[in-house]
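In what follows, a single structure is set out as structure tokens and then discussed.
The values are calculated or read from the model by the stated rules, or taken from the named source; none is laboratory data. Everything numeric in this text was worked out from a predicted model, so none of it was measured. Don't worry about glycine lacking a Cβ; one is built from the backbone with ideal geometry, like all the others, and counts go over all protein chains shown.
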Amino acid sequence: MSSLSSSTSNYTQPKASVCAVIGGQWGDEGKGKLVDLIAKQHQIICRYNGGANAGHTIVDELGRKYATNLLPSGVLTPGCINLIGNGVVLEIPKLFSEIDNLLEKKKNDDDNVIHDLEKRILISDRTHLVFGFHKAIDGFQEGVLKESGSQIGTTKRGIGPTYTTKAARSGLRTGDLLSDFETFEKKYNKLLKTLKSQYPTCEELNSYDAQGELDSYKNIFIPRIKSMIIDTVTYLHKAIYVEGRDVLLEGANAVMLDLDFGTYPFVTSSNPCIGGACTGLGIPPRAISEVYGVIKAYCTRVGSGPFPTELKDETGDLIRKIGGEFGTTTGRPRSCGWLDVVAVKYGCMINGFNALCLTKLDVLDQLDEVKLGVGYRLNGVELDTVPYSADDLDKVEVIYETYPGWKTDISKVRKFEDLPQNAQTFVKRIQEKVGVPVKWIGVGAGREAVVVIQ
Ligand code: GDP
Ligand code: IMO
Ligand code: MG
């Protein structure tokens with residue numbers, strides 16, 4: 001037996017902590033802010049799902065605003081490795097414009113502390129590539145759906161079509177960029193030919209400038225990206241099980257947009273929930289120590305699909321105005337409504353959140369009263385969770401609890417006990433109803449505008 005025990009591999013007990021940050025509503029909860037806030041406690045920040053449909057905002061101590069779409073939100077943390085996992089769909093031209101914009105902005109801000117950014121980006125060799133034609137198909141499909149009034153309202157970043165070619169086993173991956181160019185070109189042309197046959201009436205696809213795209217890959221993108229592409233599975237396992245480097249997993253999109261658990265078909269095409277973190281990086285579930293859910297003190301949604309607690313009145317308009325609820329990626333106005341506790345509890349079941357980050361409490365400062373959606377009723381029958389059907393969710397009557405507002409500016413508050421009593425009651429009620437402790441409360445967009453509950 002002694003020979004058996006001595007042969008035990010290193011891969012049984014993590015030496016590092018692995019924490020995940022996941023959107024608990026319909027996106028834009030403030031994941032970027034939380035990741036940026038806790039990035040310095042980690043050495044590696046990983047994106048595991050989605051693509052440039054995500055828009056994560058970071059506002060530094062001086063109020064300077066930075067937005068990321070593909071890059072993990074550890075980019076502004078000096079020394080931090082930013083890793084893009086196999087579960088992401090990668091639009092390389094967008095990645096480089098994002099890097100260049102960030103470096104340029106930092107330079108103009110006279111604070112170029114991230115000049116080494118490009119050396120701190122690692123990309124899985126298994127990450128699928130988004131080409132211009134995927135975006136063309138995204139727009140085309142939305143146009144077709146629009147004719148019957150059933151468009152999803154996608155970000156048109158080619159997300160759905162790229163995951164479709166991935167599942168159809170015809171997609172191209174970053175690893176393909178490392179092979180000889182002729183092989184890459186052959187695979188590319190084969191994929192484009194297949195798609196043209198599938199979408200014969202998509203004009204943009206049929207007049208597509210394939211040669212132009214191939215040339216820019218050959219001359220610009222491949223030479224620049226080559227050194228970033230590695231086997232991230234082995235890299236992460238070594239980091240977690242051998243070197244003891246702490247890892248933070250940054251979810252994009254959110255629970256209610258999850259392909260399996262969201263308001264299908266009004267969802268994205270990946271799994272933002274915790275299972276997606278394992279498959280999107282190749283790390284075992286047992287390695288993950290903490291899972292944080294990020295939720296706003298109210299709720300927003302962009303694109304189509306059911307939104308039970310939506311406010312189509314002046315309170316909704318006021319929340320949109322104060323909260324700056326316009327998409328980071330598309331600039332579209334976000335629909336606003338009350339916090340939906342039923343949806344948050346559903347997200348807790350799927351993800352096992354062990355703490356919540358409640359953002360944007362300050363946005364409710366001016367309201368006379370605030371509400372929590374605590375239950376659903378469908379055809380007179382109370383439901384204890386989110387129904388599978390988007391049509392049913394669209395029809396539910398929401399049961400609300402109403403609380404007096406605090407009518408006080410809380411943006412300077414940094415301790416829970418310094419919050420107005422009514423704000424404390426509201427937060428405590430959310431915690432009680434959801435059954436998960438609130439660890440952070442956002443009171444402003446800035447990095448420092450947060451109440452941390454020890
Ligand atoms: P993400 O996609 O989850 O990272 O969220 P977004 O960045 O798309 O949207 C969240 C927005 O709210 C951004 O503009 C943030 O700067 C901002 N924000 C985050 N937390 C707070 C907060 O506590 N208070 C206020 N007022 N704004 C916040
Ligand atoms: P972050 O990470 C808000 C929504 C789109 C659309 C649907 C499908 O910033 O929270 P897609 O382009 O993914 O095929 O669009 O999903 N959506 C988001 N909404 N925040 C996001 O990301 C989103 N990512 C996708 O608006 O309704
Ligand atoms: Mg966002």
Problem - Sole exception among (1) at pLDDT 95 or above; (2) part of a strand (DSSP E or B); (3) of a type in the set (Ser, Thr, Tyr) for residue 66, by number - result: (1)
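Is one or more of the residues making up the stretch 288-297 without any contact (Cβ under 8 Å) to a residue 12 or more places away in the chain and either within 30 Å of residue 239 (Cα to Cα) or not in a helix (DSSP H, G or I) (or both)?
no
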Problem - Leading residue by the ranking (nearest to the chain's Cα centre (by Cα)) among those in the stretch 41-63 that are more than 10 Å from ligand 1 (Cβ to nearest atom) and modelled with pLDDT under 95 - result: 60
Problem - Which listed residue is of a type in the set (Lys, Arg), outside any loop (DSSP other than H, G, I, E, B) and out of contact with any strand residue (DSSP E or B) (no Cβ under 7 Å at 6 or more places or on another chain), from 407, 433, 439, 428 - result: 428
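Here's the yes/no breakdown for (1) outside the structural domain of residue 79 (by TED's automatic domain parsing); (2) within 16 Å of ligand 1 (Cβ to nearest atom); (3) part of a helix (DSSP H, G or I); (4) closer than 19 Å to residue 220 by Cβ:
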residue	(1), (2), (3), (4)
107	no, no, yes, no
141	yes, no, yes, no
160	yes, no, yes, no
182	yes, no, yes, yes
185	yes, no, yes, yes
188	yes, no, yes, yes
Practice task
Pairs only if they're at least six apart or on different chains, beta carbon under 8 angstrom, first in the stretch 435-454 and away from ligand 3 (no atom under 16 Å from the Cβ), second assigned to a loop (DSSP other than H, G, I, E, B) and at pLDDT below 95; list them, first residue then second.
Solution key: 446/60; 446/61; 446/63; 447/60; 447/61; 448/61
Problem - Condition check for residue 386: loosely packed, with under 13 Cβ neighbours inside 10 Å and of a type in the set (A, V, I, L, M, F, W, C) - result: no
Practice task
Quickly run through the stretch 115-165 and pick out the residues that are out of contact with any helix residue (DSSP H, G or I) (no Cβ under 9 Å at 6 or more places or on another chain) and crowded, with 23+ Cβ neighbours inside 10 Å.
Solution key: 163
Problem - Condition met for residue 83 (assigned to a strand (DSSP E or B), more than 14 Å from ligand 2 (Cβ to nearest atom) and either in contact (Cβ under 8 Å) with a residue 60 or more places away in the chain or surrounded by fewer than 24 Cβ atoms within 10 Å (Cβ to Cβ) (or both)) - result: yes
Completion exercise
In the stretch 223-261, anything in a helix (DSSP H, G or I), free of Cβ contacts under 8 Å to residues at least 60 places away in the same chain and within 26 Å of the chain's Cα centre (by Cα) is listed as 226, 227, 234, 238
